[in-house]
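Reading through the structure tokens given below for one structure.
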Amino acid sequence: MNLKNKTALVTGGNSGLGFEIVKQLVKNKCKVIILGKDGKKVKAAKKKLKSSLVSTLTCNLQDFSQIEQAVKKTKNIDILINCAGIIAYQPLEIHDPQNIKDIVEVNLLGTIYMTRAILPKMKKKNSGTIINISSTSGLMTGGHPNESVYIASKHGVTGFTHALKKEIDAEKSNINILGFYPGGMNTRLFSKSGLDQDTSKFMDPAEIAKIIIFILERPDSIKMDHVLVNRDKNL
Ligand SMILES: NC(=O)c1ccc[n+]([C@@H]2O[C@H](COP(=O)([O-])OP(=O)(O)OC[C@H]3O[C@@H](n4cnc5c(N)ncnc54)[C@H](OP(=O)(O)O)[C@@H]3O)[C@@H](O)[C@H]2O)c1
């Protein structure tokens, strides 16, 4: 796909991997809508990019009506990147139930809600690409102790992506659904959850964003369904 003049909506586009994806999309002349829950942060991200290609939407992905209102303000979406996410490290027996709910709502429901809101627009024009950012924690081989709720939410994203892909493919439409499964990246995801983890040897989200661009720009004849990227833990 040639990204020039296309429109992409990136959830969690004000921070971490999402922000790096936005930067790369703009570099490739794609119009980008940054969607985040904090209006100030979303506007600050737009300001940093200094580009007329960038617009913003503020909404909490935990609330479908807010998503619907936000999506109503958009004209055309060619690419949806479901990137927003939160994490927590807690043994389950002491994990705060509200925080459990938040993780499942942002990571899993947020991805399903956003896709539910945008898919009708893509179906109408019979084209579009949806990339769901799951995690290696969303695969049977991934995950760490004390991440059970995060892992469950990401397995949900993985299952949703597989199932929706079957549903869309059965309709023989031109909509592409892709699951992306990164290992550890050097972002503020962990510190925001209160975890004191050295992430300096984790993957650079700027490099991962370039892989996302490669995926989007590949020729239509090359099918990609699920892409896993992980760091070399021997380094
Ligand atoms: N970092 C890793 O090692 C790693 C590994 C595998 C997968 N992932 C996945 O990669 C994705 C991006 O994470 P990241 O590492 O880039 O973390 P990040 O920098 O914390 O970015 C997460 C983004 O999600 C937004 N967000 C959180 N709750 C939201 C809500 N209720 N509504 C709307 N937006 C919300 C955040 O907004 P605020 O800035 O306002 O909080 C932020 O923009 C996540 O899905 C994460 O699970 C990360």
On Cα atoms only, tilt of 148-170 relative to the major axis of the chain in degrees: 30
Karplus-derived 3J(HN,Hα), 6.51/-1.76/1.60, for each residue of region 183-194, Hz, glycine and proline x: x, x, 10, 7, 10, 8, 3, 6, 5, 4, 8, x
Among the listed pairs 6/72; 125/223; 73/125, those beyond 25 Å (Cα-Cα): none
Karplus (6.51, -1.76, 1.60) ³J(HN,Hα), θ = phi - 60°, over region 30-36, in Hz, Gly and Pro reported as x: 8, 6, 10, 10, 8, 10, x
Long-range HN-HN contacts of residue 226 with modeled amide H, under 5 Å: 179
Net charge dipole size for the chain [Lys, Arg +1 and Asp, Glu -1 on Cβ; Debye, nearest 20]: 1400
Cβ-based net charge around residue 229, under 12 Å, with every Lys or Arg adding one and every Asp or Glu removing one: -1
For 154, 233, order by how many other beta-carbon atoms lie within 10 Å, fewest first: 233, 154
5 angstrom amide H check on residue 176, placed H, neighbours 5+ away: 128, 129, 130
Cβ-based exposure ranking for 122, 224, 203, in which fewest neighbours within 10 Å come first: 224, 203, 122
Part-to-part distance (alpha-carbon centres) for region 84-141 and region 147-171, which is given in Å: 9
Tilt relative to the chain, helix 110-125 - C-alpha long axis, 0 to 90 degrees, to 10: 10
R0 of 22 Å, Cβ-Cβ distance residue 2-residue 73: FRET efficiency to nearest 0.05: 0.30
Neighbour-count order for 151, 33, fewest beta carbons within 10 angstrom listed first: 151, 33
Interchain or long-range residues, amide H under 5 Å from residue 185's placed H: 203
The chain - mean residue ellipticity at 222 nm from DSSP helices (-39,500 (n - 2.57) per run, n ≥ 4, rounded to 500): -12500 deg cm²/dmol
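Every number in this text was worked out from the coordinates using simple rules, so none of it is lab data. Note that the structure is a prediction, hence the values are computed from the model and not measured. Virtual Cβ from ideal backbone geometry, glycine too; neighbours counted across all protein chains shown.
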